[in-house]
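Take a look at the structure below.
The values are calculated or read from the model by the stated rules, or taken from the named source; none is laboratory data. Model, not experiment: these values are computed from the prediction. For neighbour counting, all protein chains shown are included, and Cβ atoms are generated from backbone atoms with ideal geometry for every residue, glycine included.
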Amino acid sequence: MGGSFTGPAGATNAARKAAFSRGSLFPGRSPEGPETATMDDGAQRRRARIMKGFRPHTPRFLRAHAHTVWRDLAWTSLPFLVFFSVLVVLVVWLVDPAPPRSITISAGTRDSSFMLYAQEYRKILARNGVKLNVLESDGSVQNLARLLDPKQKVDLALVQGGVADGRDTSSLMSLGSVSYVPMIVFYRGRGMTQLSDLDGKRIAIGREGSGTRMLALSLLEANGIMPGGDTTLLPLDGLDAATALVSNQVDAALLSGDSTTRAMMLRMLGIPGISVMNFAEASAYTRRFPYLDELDLPPGVLDLRRRLPPETVHLISPTVELVARSNLHPAISDLLIEAAQEVHGMAGLLQTAGQFPNPTVHEYRISEDATRYYKSGKSFLYRTLPFWLATVIDRLLLLLLPLAVLLFPTLRLIPALFSWRVRSRIYRYYGLLIRIEREAMRVASAEERGKLLMELDKIEASLNTLRMPLAYADGFYVLREHVRFVRERLEGVRERVHAHE
């Protein structure tokens with residue numbers, strides 16, 4: 001330290017400050033007066049290095065105390081952090097689970113419209129990373145049976161109205177109606193407007209287990225025609241029923257669904273002696289059977305040149321509903337309705353553009369998620385973000401309110417627990433001091449008092465290693481004063497005992 005100054009690298013801070021004030025550290029500056037030359041770049045860099053040495057450093061004891069504070073704060077907050085983490089996991093995965101990557105729909109026979117609809121749904125859902133498994137079925141009756149059977153791994157199905165047949169469907173919900181499936185009655189002759197006119201005749205009502213058959217039986221029963229009576233009910237549908245009517249094997253055929261295409265109706269109306277029944281009492285049917293709607297075929301809608309039909313034909317029609325189990329995930333519900341809008345939203349022979357899907361209630365309650373979607377559409381997150389990212393953010397947002405209710409009281413509790421944790425280090429020493437002081441009042445021998453003084457020495461040695469946040473230093477020093485107070489009492493008593501001896 002007593003050596004001469006040889007440069008910034010070997011100088012103490014004091015020497016460097018003195019040299020800096022004299023200007024001797026920089027070659028472009030005169031030590032006696034104002035600057036006579038401009039510093040070059042090298043001098044500026046040397047000055048910057050020297051100035052680094054003048055920057056104040058945080059004292060080591062302050063860094064140690066800061067470390068103590070952060071450690072205590074971490075240990076105080078850790079239980080709450082773990083609790084909230086577990087709570088978030090439970091809520092996310094149990095209360096609001098992630099949407100499934102794969103769902104299953106029960107559709108229809110291989111070439112049916114139900115199967116075509118399901119295949120289109122599958123393509124649309126695949127864009128969002130959801131796999132739709134499509135199961136073949138015999139039609140609406142089997143589709144509904146699968147949904148009601150908890151052993152069947154089916155999430156949703158296409159179901160025609162009128163097949164519930166009084167069964168409990170409270171466990172199911174509808175995502176909306178997606179299309180009409182009109183009941184069209186072709187018969188031999190002219191002028192019939194009521195199903196009761198078919199009493200005693202041969203009628204093709206659809207194959208066993210089909211939705212067409214169930215609906216036909218309900219409508220005929222309402223008109224007094226029962227199985228086993230004078231009327232012959234044959235299990236024929238589609239092309240088989242139409243062929244039987246043309247060949248005079250049956251007197252009437254009740255056709256529905258895929259059998260009521262424009263091509264089929266034109267073919268049947270083009271055969272002499274075959275007519276289509278005009279349901280003059282269509283409004284009455286819709287009142288008696290809530291799942292039915294009234295439809296009109298205006299003149300010429302099938303063929304304008306030949307004006308087919310020649311006059312307005314009143315029809316009755318159930319709707320096809322997209323029915324799901326009540327545990328269907330809301331995000332999947334939105335995707336399915338979006339797919340249905342794309343598949344069924346176009347104008348057609350029996351519907352206007354945008355008419356389907358719709359949330360009209362028929363046999364099944366409309367789900368809350370579907371009602372919300374039809375009212376307000378996709379949420380902002382699902383409109384702007386990829387599907388799976390939107391689902392994650394949406395579920396996290398649902399947690400904010402309940403977590404905030406718990407979080408604010410917790411944030412107020414953490415400082416109190418932190419204070420208790422720090423002060424508890426001091427309070428435990430007071431227990432030892434009280435015990436030593438009480439024993440000092442009880443014991444009389446110098447040897448016993450010497451042992452108590454040794455315990456005080458241990459306490460002081462422990463205090464020397466105790467780290468406390470600076471905000472609680474007052475309690476720490478008060479404790480040291482109390483230790484000294486107890487020591488003085490012990491030493492005073494020991495001196496009096498020695499003097500007495």
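Determine whether segment 319-329 contains at least one residue that is outside any loop (DSSP other than H, G, I, E, B) and exposed (fewer than 13 other Cβ atoms within 10 Å of the Cβ).
no
Within segment 203-213, track down each residue that is under 22 Å from GLN249 (Cα atoms) and crowded, with 19+ Cβ neighbours inside 10 Å.
Result: ILE203, ALA204, ILE205, GLY206, SER210, THR212, ARG213.
Conditions: (1) assigned to a strand (DSSP E or B); (2) closer than 26 Å to GLN341 by Cβ. THR169 meets all but one. Number of the miss?
Going through (1) assigned to a strand (DSSP E or B); (2) closer than 26 Å to GLN341 by Cβ one by one, THR169 breaks only (1).
Can you confirm whether LEU219 is in a strand (DSSP E or B), under 18 Å from THR319 (Cβ atoms) and either in contact with a Ser or Thr (Cβ under 9 Å, 6 or more places away or on another chain) or of a type outside the set (Gly, Ala, Ser) (or both)?
Judged against the criteria, LEU219 is not a match.
For segment 408-455, which residues satisfy the criterion of being among the basic types (Lys, Arg) and either more than 22 Å from LEU78 (Cβ to Cβ) or touching a residue at least 60 places away in the same chain (Cβ under 8 Å) (or both)?
ARG421, ARG435, ARG438, ARG442, ARG449, LYS451
Look through segment 227-253, keep the residues that are touching a residue at least 60 places away in the same chain (Cβ under 8 Å) and either in contact with a Leu (Cβ under 6 Å, 6 or more places away or on another chain) or in a helix (DSSP H, G or I) (or both), and return whichever of them is surrounded by the fewest Cβ atoms within 10 Å (Cβ to Cβ).
Step by step, filter segment 227-253, then rank; the result is ALA252.
Determine, yes or no, whether GLU281 is in contact with a Phe, Trp or Tyr (Cβ under 9 Å, 6 or more places away or on another chain) and under 24 Å from THR212 (Cα atoms).
For GLU281, the condition - in contact with a Phe, Trp or Tyr (Cβ under 9 Å, 6 or more places away or on another chain) and under 24 Å from THR212 (Cα atoms) - is not met.
In the set ILE316, ILE271, ILE337, which member is in a helix (DSSP H, G or I) and hydrophobic (A, V, I, L, M, F, W, C)?
ILE337
If the requirement is being farther than 23 Å from ASP369 by Cα, without any contact (Cβ under 8 Å) to a residue 24 or more places away in the chain and of a type in the set (Gly, Ala, Ser), which of these qualifies: GLY162, GLY139, GLY166?
GLY166
Within segment 274-296, can you find the residues that are more than 15 Å from LEU220 (Cα to Cα), in contact (Cβ under 8 Å) with a residue 24 or more places away in the chain and in a strand (DSSP E or B)?
Listed by number, the residues that qualify are ILE274, SER275, VAL276, ASP293, LEU295.
Could you identify the single residue in ARG190, ARG202 that is touching a strand residue (DSSP E or B) at 6+ places or on another chain (Cβ under 8 Å), within 22 Å of PRO309 (Cβ to Cβ) and among the basic types (Lys, Arg)?
One residue alone meets the criteria, ARG190.
Within segment 342-361, can one find any residue that is surrounded by 21 or more Cβ atoms within 10 Å (Cβ to Cβ) and in a helix (DSSP H, G or I)?
Yes, segment 342-361 contains a residue that is surrounded by 21 or more Cβ atoms within 10 Å (Cβ to Cβ) and in a helix (DSSP H, G or I).
Would you call LEU403 surrounded by 15 or more Cβ atoms within 10 Å (Cβ to Cβ), modelled with pLDDT under 75, out of contact with any Lys or Arg (no Cβ under 6 Å at 6 or more places or on another chain) and not polar (S, T, N, Q)?
yes
So ILE184 ticks every box in (1) assigned to a loop (DSSP other than H, G, I, E, B); (2) in contact with a helix residue (DSSP H, G or I) (Cβ under 6 Å, 6 or more places away or on another chain) but one. Which box is left unticked?
It is condition (1) that ILE184 fails.
Only one of (1) under 24 Å from ALA107 (Cβ atoms); (2) touching a residue at least 24 places away in the same chain (Cβ under 8 Å) fails for PHE186. Which number is that?
Status for PHE186: all satisfied but (1).
Identify all residues within segment 415-467 that are part of a loop (DSSP other than H, G, I, E, B) and either modelled with pLDDT of 80 or more or within 20 Å of VAL486 (Cβ to Cβ) (or both); write none if there are none.
VAL443, ALA444, SER445, THR465, LEU466
SER210: of a type in the set (S, T, N, Q), closer than 16 Å to THR319 by Cβ and touching a helix residue (DSSP H, G or I) at 6+ places or on another chain (Cβ under 9 Å), yes or no?
It is false that SER210 is of a type in the set (S, T, N, Q), closer than 16 Å to THR319 by Cβ and touching a helix residue (DSSP H, G or I) at 6+ places or on another chain (Cβ under 9 Å).
Given (1) under 21 Å from SER283 (Cα atoms); (2) exposed (fewer than 14 other Cβ atoms within 10 Å of the Cβ), where does ARG190 come up short, assuming only one miss?
Single failed check for ARG190: (1).
Does ARG412 satisfy the criteria of being exposed (fewer than 14 other Cβ atoms within 10 Å of the Cβ) and either farther than 26 Å from TYR117 by Cβ or at pLDDT below 85 (or both)?
yes
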